[in-house]
Amino acid sequence: MKHKPRILFFDSGVGGLSHLKSVENTFFDFFEYYYLFDNQLFPYSEKPDNLLIEKLVPLIDRAITELKINLVVIACNTASTLILDQLRARVKIPIIGVVPALKPAVEYLVKTGQTDRAVGLLATKATIARPYVLKLIEFHTAPIGQNVSLLGTTDLVEYVENKIRHKPTTKDLKKILAPWLNNTELNLGVIVLACTHFPLIKEEIQELFPNILLIDTCFAIARRIGVIYGFFKQKEIEAQRREFVEYLRKIKGQLHDPVTNKHLLSTKNLTEQEFVELQHHGFADYTHFPHK
Ligand code: DGL
């Protein structure tokens with residue numbers, strides 16, 4: 001029997017769930033969802049670039065073949081800004097990368113007449129130093145005089161990872177964000193959540209920055225999948241895009257319980273308890289998928 005189109009979400013940890021949920025809440029069970037997390041190499045931002053390229057590209061390639069995947073979302077900024085080219089050169093199916101949403105952030109400041117305010121880029125230490133990201137900044141932020149404040153943190157990734165997996169944490173959110181919270185000179189107008197872990201605690205971050213818009217890539221990725229699967233005809237994309245964005249805005253905040261049975265895979269074997277702690281995200285089964 002022909003199976004439904006299969007999407008593989010990939011991250012170092014549970015961060016990619018933010019994007020999986022957005023896609024699932026948009027397309028329901030039109031797709032079959034797989035989630036592979038590389039807990040063996042978590043956190044990526046503390047690993048050398050060459051090791052990540054060497055390990056991730058073959059791992060994802062193997063997952064695509066073995067699981068008969070039709071589309072991959074690299075739901076990780078740290079990995080996307082490093083391995084996209086190599087991966088795309090190696091595999092034939094569409095690969096969607098998740099990279100910092102600098103363009104809409106700058107557009108927002110321009111449209112709302114706040115070009116005197118800065119964009120805050122909140123990401124991992126590795127992401128804020130990537131040549132790819134520095135080029136993105138150069139390319140998109142001229143209208144605000146390249147006024148970008150970079151905050152790279154592994155602690156925040158670990159904070160979220162532990163929280164979602166019901167593990168204790170010693171990390172303190174206010175301390176992590178202190179470089180921005182304590183800087184009275186900094187006039188942030190928008191914060192780009194450029195690590196897929198961060199939208200999972202959006203409300204907590206928003207409480208600390210009550211008047212600042214937080215932008216993430218969750219809906220943009222759902223929209224991109226919609227385009228690839230022809231939910232919109234190429235010619236009509238622009239008009240439909242606006243409609244679709246409106247629709248996404250409406251359902252935002254009303255994400256319902258998971259409706260599909262997703263498949264979970266991890267590079268380091270999970271204990272039964274660890275799987276149980278993740279099961280409420282709608283995972284039907286679990287497979288150990290180690291690096292070779
Ligand atoms: N969710 C990953 C990201 O978007 C975290 C990377 C890490 O493991 O450091 O960058």
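The values are calculated or read from the model by the stated rules, or taken from the named source; none is laboratory data. This one's a predicted model, so the numbers in the text were calculated from it and none came from an experiment. Here Cβ is always computed from backbone atoms with ideal geometry, including for glycine, and neighbour counts include all displayed protein chains. When the accessible area is computed, the model is the full protein with side chains, heavy atoms only, and any ligands, DNA or RNA have been set aside. Shrake-Rupley method; radii C 1.70, N 1.55, O 1.52, S 1.80 Å.
Net length available on complete extension from Ala142 to Asn269 is 41.1 nm, with 0.36 nm assigned per residue and the Cα-Cα distance removed. Taking label points 7 Å from Cα along the Cα-to-Cβ direction, Ala284 and Ile228 give a separation of 2.1 nm.
The calculated FRET efficiency for Ser149 paired with His3, based on their beta-carbon distance and R0 = 45 Å, is about 0.50. If you take all other residues with their beta carbon under 9 Å from the beta carbon of Asn147, and give Lys and Arg +1 and Asp and Glu -1, the sum is 0. The alpha carbon gyration tensor of segment 68-198 gives principal lengths a ≥ b ≥ c with a/c of 1.5 or higher and a/b no greater than b/c, which makes the shape oblate.
Extension gain, Glu46 to Glu66: 0.36 nm times the residue separation minus the Cα-Cα distance gives 4.3 nm. In segment 1-157, the portion of solvent-accessible area held by carbon and sulfur atoms comes to 55 percent [1.4 Å probe, whole percent, DNA, RNA and ligands not counted].
Relative to one another, the C-alpha centroids of segment 165-200 and segment 48-87 are positioned 27 Å apart. With every protein chain in place and a 1.4 angstrom probe, the accessible-area ranking of Lys135, Lys21, largest first, reads Lys135, Lys21. If you plug the beta carbon distance of Asn211 and Lys135 into 1/(1 + (r/R0)^6) with R0 = 30 Å, you get a FRET efficiency near 0.50. With protein chains left intact and a 1.4 Å probe, residues in the chain average 47 Å² of accessible area per residue. In a simple Cβ point-charge model (Lys, Arg +1; Asp, Glu -1; nothing else charged), segment 33-134 has a dipole of about 180 debye relative to its Cα centre. Helices of the chain meeting both criteria, an alpha-carbon length of 24 angstrom or more along the long axis and an average Kyte-Doolittle score not below 0.5, with helices taken as full DSSP H segments, are 49-67. Each Lys and Arg adds +1 at its Cβ and each Asp and Glu adds -1 at its Cβ; summed about the Cα centre, the chain shows a dipole of about 760 debye.
For a modelled paramagnetic label at Asp85, 7 Å from Cα along Cα-to-Cβ, the residues of segment 128-143 in reach, with backbone nitrogen under 11 Å, are 131-132.
Counting only Cβ charges, +1 for Lys and Arg and -1 for Asp and Glu, the dipole size of segment 172-230 around its Cα centre is about 240 debye.
Report the one residue of Leu188, Tyr44, Ala89 whose Cα lies farthest in the direction of the positive end of the charge dipole of the chain (charges on C-beta: Lys and Arg +1, Asp and Glu -1; origin at the Cα centre). Ranked along the dipole, the leading option is Ala89. Considering Cα pairs under 8 angstrom that are at least six residues apart, work out the relative contact order of the chain and quote it in whole percent. Here the relative contact order equals 24 percent.
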